[in-house]
Each structure stands twice: as structure tokens, then as C-alpha cells.
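S.K.: Would you mind keeping the following structure in view while I ask a few things?
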Amino acid sequence: MPEPTKKTVKEAQKAISPDPAVAEPKPEEPKEAPPAPTGSSASDTSGTVSDGSATEGLLESHQPDTRQDLTGLFTEKPQSGEVNVGENITLVARVCGESLLKKPTVKWFKGKWMDLASKSGKHLQLKEHYDRNSKVYTFEMHIIAAKANFAGGYRCEVSSRDKFDSCNFDLVVHEARTTDGFDIRTAFRRTSTDAGEDSGELDFSIHSFTEPEVDVWEILQKAPPSAYEKIAFQYGITDLRGMLKRLKKMKKEEKKSAAFLRKLDPAYQVEKGHKIKLQIEVANSDAEVKWLKNGQEIHPTGRYIFESVGNKRFLTINNCTLADDAAYTCMIGDEKTFTELFVKEPPVLIVRNLEDQMVMKGERVEFECEVSEEGAQVKWEKDGVELTRDESFKYRFKKDGCKHVLIINDVTKEDCGHYRVKTNGGQSLAELMVQEKQLEVYQNIADLTVKAKDQAVFKCEVSDENVKGIWYKNGVEVKPDARTHITHIGRIHKLTIDEVKPEDEGDYTFVPEGYAFNLSAKLNFLEVKIDFVPRQDPPKIHLDCMGRTAESTILVVAGNKLRLDVPITGDPAPTVVWTKGEKVGVLTDSDGRVHVESTKGHCIFTIEGAERQDEGVYSVIVRNPAGEDTADINVKVVDVPDPPEAPRILSVGEDSCVVQWDPPLFDGGQPVIGYVLERKKTKSYRWMRLNFDPYKETTYEAKRMIEGVAYEMRVYAVNTIGMSRPSAASQPFVPVAPTSEPTGLCVDDISDTTISLKWRAPERIGSAELEGYGVEYCKEGSDEWIPAFSGLTERTTVIVHDLPTGEKMQFRVRAYNMAGPSLPATLQQAVTIREIMQRPKIWLPRNLRQTLIKKVGEMINLVIPFQGKPRPQVTWTKNDELLDPKQVSIRNSDTDTILFIRRSERKDSGKYEVQVQIENVEDRASVNIQIVDLPGPPQNLKVIDVWGFNVALEWKPPKDNGNCDITGYTIQKADKKTMVNPNLQICVFAKMENCILFCSFPVSLTESYCTYVLLEYICQVLLFPHTDPLVSRSVIAGYNATLSCSVRGIPKPKITWYKNKMDITNEAKYRMFSNQGVLTLEIRKPCPFDGGVYMCKAVNDSGEDVVECKLEVRRKYMPLTQELPRNLHSNS
């Protein structure tokens, strides 16, 4: 137990100067007592540290962890740390990705089961990034504005396929420091009592001499928990939480419960929607049990079921919800047992993913996804930054059952980017593209020529129905009045002038608001002069103001109305005939689309919904008795182009593709000015436009795609009339990049006509699967590469056959995937195709360099490797004679030879020799084999002398020693009549030279007894027990410790362990193991009281042996009574 902690020590901690000029602690030294556990560096990154030490501590926390005890996947583990309330701290874990086939998965937990991924928000952020140069994954957990309840134990787990690693660490949260009323001058009082001004050391305890010493530990141990805060305030304890943790870890004598035979486990876990059963055992089967949840008594309902079976009591909770995540108490009288139930939510999956969107500036955007569970928490991010509600209401988040919607109002160019929605079970990514609004003119205003009293109508149509505009006449804004009317209906803007007058003639302009262009047209006033004419006036067609006949071309958009209004004169009123082309016939309104109308002074020809076949030359003929007149009008019907053919994908890249298409077969009567492309994901229904301005070429490179996702492309053709219908969609394609080149290409073997190559897989494979490798070769100095074989190979080794002997050849290997071949990996220099002779060499295994001893009947299988090129000839002999293939099996390969005897006999003993030979070069090796059997019986056993309880025996060695040296003899005695003796004694001893033995027996040797000698091949020797020594150790409290030694003895000795000469065999704290003579004593979670002298004692019939060692148990934390390090009080 630690010594009592004095109030003076606590106040000494409070008196440390915060000024870095007075006392600036080093980054690696603890700032408060007690210090964090050894190796903790995360505390250097917490909160705000005094001036320069903060920067140095931060730099130290990001240095790679070079400790030698790191194992598993972590290259740097998150360390325990300390932080003040309201400050920030970053905990870092690093994983090396060189040996990993895919990105590792990292999870952060608090306590045992709380997954912190679902708790991300204002105070907790999880980040990760990957360094391609060092191939290191860095995972960070940022705690922002720490609170007091953030303190506790944390765990970080990393997994990658079949590999797994985890690390535990602690976070201590201190109350915010206050420096009110602090006089820094009092911190410089010297402790020395000598007269010198500079003598002694600085004392930071300030007023410690005025207060009596108080044992705070003793007060806290005796006080109830409700009084802890009052005691801390009274005695100036600022780190109450830390003191209570250490107080809890102090050894306490646990009182055996009189009411409970078995208590609740410390914690339970259950998945949401499942049921769990809590169980206890009571000492009294009639005892009344109460169950409480967070201090409130639980009553039986449909979800809470109480059961009593004998001494067992059960609480069953059905259909667990998050509300059941609480602390539960079972009470019998005044005794209680506690547990905590953690309800684990199942992972929330994204059922419907986000879709890419392209909108115009100022519009509203909605990203919608659907998750697997209602009310689930999701997190929205833009380019890796979490989105939150702000005061401008830029982002709005909407929930509707399983649907989650992100709404962005009034999008701008800054809103472009990738938007991601995350749940604790998945994520989805989509791209937002914002384009500037571009106003398109569907119908321009046209020049008008009108007569007096007629109506003039200027009309235009634009793409945006919300755009307003202003009309100008000769640069002066037109104001509406009784004759002038301005209307705006949808996308159509009109300026109407009734009863046109000569002053209305001029240039009229329409300017859309917010756009830098205008539409202009001219109003011509046709003045009609009345002159005296004779009654017979020949007809005239007035196609212009001068009244001359002329050919004119009129353009009309397909689908629009074609109206030809031709002024005519003549007296009497002429008749009008319309014809088309060379057709001799009159156009009438027989088909319903053509209308011919004649009024005074005008003949009007109208076609409703003009079509391509309406294109041609129209002739108007007017006749009266005075004559006739004719005019030709050329009408051209223009339309949008036909759709292009389906585009073709020429090539794909990591995030791009090159697409090509053919121009449309019909351009609509107007030249094609460009093309517009769109793309979509194969499983989506939303097309995204890639360009707004017409693209003039027929080959386009589309970028900013996601690798590994299937896309489709389509094309529109655009002319001055408008945009065609879309083309058919292209074949689906996946943007992928070729792999990197194979690595480590080298020559494995070579002969006169073949070569064996080997290589390693490319470092970067990409999202597409690797289809295989292609191998090519060419002669040195030539550029003609020849495939070594047809198709691809999936292996990383290949043998190329049929090569010309003696030629210098160059070889290269390419990796292929969906995107095509990678860059080639080429040998550094050309290779001459010629087999290289290698001297024969036998590599005799180490175990065959000594005599190989086998028992009769055992199998012999000798494998002897060798080298040599070309393949050497192998010959086996025994005692300089060739082996008989009927008795011995020989199998040879290119690299080894095998000698096999299924059932060995004594005649198989001898010297075996193997020879490998290439032409005149050879190598030899020999193996000695000894086949042994049981020896024969000893010869001529006789009694030499008998005296007292002793007898002297003599015998001769056996004739047959079993092809092995005699190691000893065994002597037995038995009753002559029954040949059975319950006190049978066996004496085993080593080989004797004179074969004479003196034996002593507990009874007199008479004629009723006989002795005889038996010889054994394998002799068991009766040995005194012998143990290897124990080694003294020093361990840390709280971690299991083991003591090990080894023992030998026949018969098997009995083992007993002692602590301080006390038998600990039946102690539950200790576990003893014995495996193949290795003895292990395991001490479970030792405390300082477990230190002492441990002794292991081995006993058998021949004697005993004892070894001992000393075990020291160190505390995990430095006691508060320990003096502060002197360098903490020294000046910087």
C-alpha cells in the first residue's frame, strides 16, 4: 500500500509556475504527478501546452514509433494521453501497407463495445490519409473541446483480411487550470537554511509550512463516495478523478457475499431487437430479489420477465432497444450486484445510392439516398469536410423514413465537388457540377414592313421563361400606352403596335435582363399613294417597296407556320393562282394544311406545320382582263439535325475515356455547328451533360469519372435551329487504367533451346482484375517483338521453347487488364541462348553425416539433394557394389535422389555411396546405416557368494549384441515358487566390465529365492531428479507473470511449488503446468504482496532436488508520496 499522501505535496503541484521563462518543462517530462504510463506520448499533443513545449511535443507525437516491442499491423500505436477540459487532442495510429493486399479497416471504441464511428460530430472527428511514398496509412481521432465524461479507456482495432491487431489506451481529462491570485514571486523561495542568498533549491510549495500534514488517502478510504467532491474541495485536490482511479486499484479485501453465490458479470452486450437473460445465484432460495434499471425498480411486463429456478434468478429482456442500454442492479436486502448492458445497433446500409447531378447556377439541388433503417444517423460530407447547418441555411438536411435528403439552395460555382453520405455500415459518393446560365434564343425578332393603320407585332422566344426584358426604339426605352402593348407569356416576349403611323418607323431592340446581348429588328412603314389610274389596270405583284418583281428565299423552321403575304394591285381585282415547282396544278386547301386567302390588295398563302416536303419554289400568278403578273418565291424548310450514330469508346483511362462518333446523315438544312455530350452511370437514370457550348470535333475526351464504375455516353447534334434528338447510348464501359509494369523480371534457368523467366506482380493493379501476362522476345538489334505464346498466362513464371541456340535474345513482359497492356518490363541486357554447365555437387543433409541408426523393420527413406547442369547421372553403391533394385528403390530427379527401403533388415547395414557425374566431372558422398535389434540373453549366470542379506552374481555377455553396444543390465528377483513378488526390485546400472554385481535385499536369501539376469536393448536408468534453475524476475503489477524451469528424473518425479516455504499447490491464484519436462508456474495479475521467494521441489524414489528464485512486483504507477523529480523544479 502506498504511503499516505500529504497535502503539501498536492499544493507543490499547484505552485508550478505557468510562465515558460520561469519553469519550462521538457516535452518528454511529465507535467503533473503522477506521470502517465511509460511510453505514453499522446499527452504531448493535448490541449495547449506552455509555449515552446507545445510545438516540440506535437512534433514528437508525429515521429514514427521505433520501439522494438511493436508487433502486428501497427507501426505506431495510439498512446495514452491527458487533456484539460475544453482543449483538443489528436490520437494517431499508423499502419504499414506494404504487405497488405487491400486498405485496412480501423475501428475506434470507447470502453468495451461503444463504436465511435456513430458518434462523430462536433466533438469527435475521425480522419485518415495514405502516403503513397512511404506506403503508410495514418488514422487520426480528433477530440475537440474535451469534456470531463470523455475520460476512460479506449481501444483501436485494425484488420485486413486474415490479419488483426488491437491496442488499448487511456484518456485522462483534467479540470481547467486557474491562475487567479497566483503570485509568481513566491515560487522562488529557497529551501536552504544557509545564509547565502543563492544557496538551496527553489521550493514551489509556497504555504506548505503553514498547514498541518493531512493523510488524504486515509480520509478518502474512510469517506463515502458522496463526500469525495467535498473532500477534494476542502483539501485542494485538483485531480480527484485520477486519485479515485488509483484508490480503486489499491488492494482491498473483498468480502464474501452472504446473499449471492454468483453475481452478475461486469458487462453484457446484445444486438438491437434481440433478447438477453441476466442470471444470478442466491444463497437462500427463498430470498426476495429486486431488479433496478438506472436506480428505478423494474416491474414485470411483456418485455421484462422474472424467473426463479431453485437458487437461480433470471431477468429476461425481450426485443432490446437503445432505451435498454443502461446500468442494472440486483438487490437482496442491503447487498447489491451491478452490471452494465450495452445494446449494439446493427450496421446501417445504403440501399439506394446518390446520383451525379449537373445544374445551372442559382438552382436548387437535392441529393437523395435511402438507408436500410428508419431514423438512422447519417453524415454528409463535401470533398471530405463534414457539412452542418449554418446561419445562412445554405445546407438543409431532411429525413423521411428511410430517405435522407441533402438540399442545397442557390448553388454557385463553389458548390462543385464530390458529396458523400456516410453511415456506420457504408457510404455513397456523387458529383455536383454547376454551370453558368446561358440564354438561348429559340425565335429571333424579324424585320416588318407595314402600312398605315395596320398592326405591327415584334415577337421573340428565349430559353428561360423567368427572364425579363426591355424594349427599345432607336435606343429609347419603349413605354406601353394606348397603341403600344408589351406582353410576356412564358418564354415569349411581344411588342404590339396598333394603327401604325409613319413616326413608328425605326429600329426596335429587345434586351434580356442580366445578359450581355440583344435582339434587333427594323420596322418599315409602307406609304400608299393614291394616284388616278384608268379603270383597266393590269395586275401587279409588289414583293418590295419599289414594286419590282424579284426572286426571294424564305426560311421556315419545320413545324412552324409558313405564311406568304403578297401585296397585289389591279383593277378590276385580279384572280390569284398558286403553284409549286413545275407542277401544273393549283394549290388549294384540299389537304387541310394549305390555306389560300385573297383580300383587297393582298393574297395570302399559308401552310400549317411546315414539313421537309414543303420545300421548293412557289409561284404566284395574278390575272385580270388587263393582263397578268408572275412572281417566284423560294421556300426552304430547315430543321434540327438527325441524331448521330451511337458513339464508340476508343480508349479508357483511370478516370477518363475517349469517345468518337459520326456526323448525322441529315444536317437539317443548316450546317452542324457542334455537338453536346452526356454521360450516365449504367444503373442510373439521370444523364449529366458534359459540355454546354457546342463541341465542333467528332472525338472527345471525357474526364472526372470514377474508376471502376460502368458508364454510358450519348451525343446530340446542334445547328442554328436547335439540338437533335439524342443518339443511341454507347456500349457500357468502365474507366480503368492499365496496371503498372511487372517487377523483378529475371532469368530463372536457361538451356540450348529454352529459357525460364520469372517476375513479380505489378505494384499497382487498379480496380480492374488482372487478366494475365504476355511475354515477347526479339533478337538483339531488332525491333520486331514476337509473342512467346498465344494468349495470356496467369502465372508469374514461364518457359519459352524453340529458341535459336547461340543467339542473343531480349525478352519483355507486359501485364494486361481491361484497359489494355501495361508498360513493358524488360531484361537489363540481352541473354545468349546456351546452356551453362554447372559442376555436380552433392548437398548431404546434416543428419546423414553421422551413422544413421534404425531398428529392424523400420522404413528407410533418404533424400539427398544435388546440383548440376546438364542433368547429372546418379549411381548408388553399397560396400563398393551396385544395389539390388529388388531390395532397394532408387528414384532420381533433376535436383535430388531418393533411396527407399520399405522394411529394413540387419543385412541392410553398411556404407552406402552415391555418385553424381557430368561427363568427366563427378562428386561423391557416403552414408553409414546401422540396423539394430534386441540383444540375446546373458551367458553363464551363477551365484559366486552369499552373505547376510547380500549376494554376488557373475555372468558373461550375450553372444548376439543386436548389432549395438551393450549399455547395461537389469537384475530382478522373485519368489521361486510363485515367481511373483509384490516388492519387486529392479536395479538398473551402466555397463560393467567384469559383469559382477553385489546386491542387497531386505530378506535373507535362501533356497526359496532365485535370481536371474535379463538384458534389455533400451535401458531405462533410475536417476535422481535434476532441475534447471529458476531465474529471478521483476514484473509489473496487474499483468500475468510466469516462472519456468525444467526437470529430468526416472521415475517421473512429483513436483511441488512453494512461496516463502509455504505450499501453494491448492491456491486459486496460481496455475501449474508441466509439458515435456518443462514446469511453469503462472501468477494471475500479481500485486506487490505476491513478491517473495518461490521454490520448486522435485521428488522421486531416488532422491529430491530444489531450485528457487526471487520475484519482485513493481507498481504500475508512481505513488503520490514519491518526491517530484528535481529537474521538474529546475529552471529552463
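S.K.: Please go through the range 875-894 and pick out each residue that is farther than 19 Å from residue 928 by Cβ and within 60 Å of the chain's Cα centre (by Cα).
M.R.: 889, 891, 892, 893, 894
S.K.: Could you run through the range 117-155 and say how many residues are more than 20 Å from residue 105 (Cβ to Cβ), part of a strand (DSSP E or B) and either free of Cβ contacts under 8 Å to residues at least 24 places away in the same chain or over 23 Å from the mean Cα position of the chain (by Cα) (or both)?
M.R.: Going through the range 117-155 one residue at a time, the tally reaches 2.
S.K.: I'd like the residue in the range 905-929 that is over 17 Å from residue 863 (Cα atoms) and within 60 Å of the chain's Cα centre (by Cα) and, out of all such residues, is surrounded by the fewest Cβ atoms within 10 Å (Cβ to Cβ).
M.R.: Top of the filtered list is 919.
S.K.: Does the range 89-111 hold any residues that are closer than 16 Å to residue 149 by Cα and over 17 Å from the mean Cα position of the chain (by Cα), and which are they?
M.R.: 89, 110, 111
S.K.: Could you please give the count of residues in the range 364-383 that are without any contact (Cβ under 8 Å) to a residue 60 or more places away in the chain and assigned to a loop (DSSP other than H, G, I, E, B)?
M.R.: Here the count works out to 8.
S.K.: Scan the range 285-305 residue by residue and report those that are loosely packed, with under 14 Cβ neighbours inside 10 Å and either free of Cβ contacts under 8 Å to residues at least 24 places away in the same chain or of a type in the set (A, V, I, L, M, F, W, C) (or both).
M.R.: Hits for the range 285-305 are 286, 296, 297, 299, 300, 301, 302.
S.K.: Would you be able to tell me the number of residues in the range 362-405 that are in contact with a helix residue (DSSP H, G or I) (Cβ under 8 Å, 6 or more places away or on another chain) and at pLDDT below 90?
M.R.: So the count comes out to 1.
S.K.: I'd like the residue in the range 334-363 that is in a loop (DSSP other than H, G, I, E, B) and acidic (Asp, Glu) and, out of all such residues, is farthest from residue 681 (Cα to Cα).
M.R.: The selected residue is 334.
S.K.: For a quick check of your reading of the model, give me the residue pairs whose first member lies in the range 1031-1047 and is under 21 Å from residue 1079 (Cβ atoms), whose second is of a type in the set (Lys, Arg) and loosely packed, with under 15 Cβ neighbours inside 10 Å, with beta-carbon atoms closer than 6 Å and at least 6 apart or on different chains.
M.R.: 1032/1110; 1040/1084
S.K.: Follow-up. Looking at the structure I just gave you, is residue 1103 under 20 Å from residue 1032 (Cα atoms) and more than 47 Å from the chain's Cα centre (by Cα)?
M.R.: no
S.K.: Go over the candidates 91, 58, 70, 116 one by one and state the one that is at pLDDT below 75 and closer than 15 Å to residue 166 by Cβ.
M.R.: Sole residue among the options that is at pLDDT below 75 and closer than 15 Å to residue 166 by Cβ: 70.
Results for (1) over 60 Å from the mean Cα position of the chain (by Cα); (2) assigned to a strand (DSSP E or B); (3) in contact (Cβ under 8 Å) with a residue 60 or more places away in the chain, shown as yes or no for each residue.
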position: 864; (1), (2), (3): no, yes, yes
position: 868; (1), (2), (3): no, yes, no
position: 897; (1), (2), (3): no, yes, no
position: 903; (1), (2), (3): no, no, no
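S.K.: Now for a separate question. Could you grab me the full set of residues in the range 88-144 that are under 21 Å from residue 387 (Cα atoms), exposed (fewer than 14 other Cβ atoms within 10 Å of the Cβ) and small (Gly, Ala, Ser)?
M.R.: 121
S.K.: Please enumerate the residues belonging to the range 643-667 that are loosely packed, with under 15 Cβ neighbours inside 10 Å and of a type in the set (Ser, Thr, Tyr).
M.R.: 651 - this is the single residue of the range 643-667 that is loosely packed, with under 15 Cβ neighbours inside 10 Å and of a type in the set (Ser, Thr, Tyr).
S.K.: Checking the conditions here, which among 800, 856, 775 is among the β-branched types (Val, Ile, Thr), touching a residue at least 12 places away in the same chain (Cβ under 8 Å), surrounded by 15 or more Cβ atoms within 10 Å (Cβ to Cβ) and closer than 30 Å to residue 910 by Cα?
M.R.: Exactly one residue qualifies, and that residue is 856.
S.K.: I'd like to verify a number: residues in the range 265-321 that are under 45 Å from the mean Cα position of the chain (by Cα) and outside any strand (DSSP E or B), how many?
M.R.: 16
S.K.: I'd like to check something: does the range 503-521 contain any residue that is under 30 Å from residue 634 (Cα atoms), modelled with pLDDT under 85 and in a loop (DSSP other than H, G, I, E, B)?
M.R.: Taking every residue of the range 503-521 in turn, at least one turns out to be under 30 Å from residue 634 (Cα atoms), modelled with pLDDT under 85 and in a loop (DSSP other than H, G, I, E, B).
S.K.: Identify, by number, the condition in (1) surrounded by 14 or more Cβ atoms within 10 Å (Cβ to Cβ); (2) in a strand (DSSP E or B) that residue 729 doesn't meet.
M.R.: (2)
S.K.: When the range 859-886 is examined, which residues are found to be surrounded by 13 or more Cβ atoms within 10 Å (Cβ to Cβ) and over 27 Å from residue 751 (Cα atoms)?
M.R.: Within the range 859-886, 860, 862, 876, 877, 878, 883 qualify.
S.K.: Within the range 815-844, can you find the residues that are part of a loop (DSSP other than H, G, I, E, B), β-branched (Val, Ile, Thr) and either surrounded by 14 or more Cβ atoms within 10 Å (Cβ to Cβ) or modelled with pLDDT of 85 or more (or both)?
M.R.: 833
S.K.: Output yes when any residue across the range 1072-1083 is at pLDDT below 90 and among the acidic types (Asp, Glu), and no when none is.
M.R.: No, because not a single residue in the range 1072-1083 is at pLDDT below 90 and among the acidic types (Asp, Glu).
S.K.: Would you confirm whether any residue within the range 934-950 is in contact with a Cys (Cβ under 6 Å, 6 or more places away or on another chain) and either touching a residue at least 12 places away in the same chain (Cβ under 8 Å) or surrounded by fewer than 12 Cβ atoms within 10 Å (Cβ to Cβ) (or both)?
M.R.: no
The values are calculated or read from the model by the stated rules, or taken from the named source; none is laboratory data. Since we're looking at a predicted model, the values are computed, not measured. Here the Cβ is made from the backbone with ideal geometry for all residues, glycine too, and neighbour counts use every protein chain on show.
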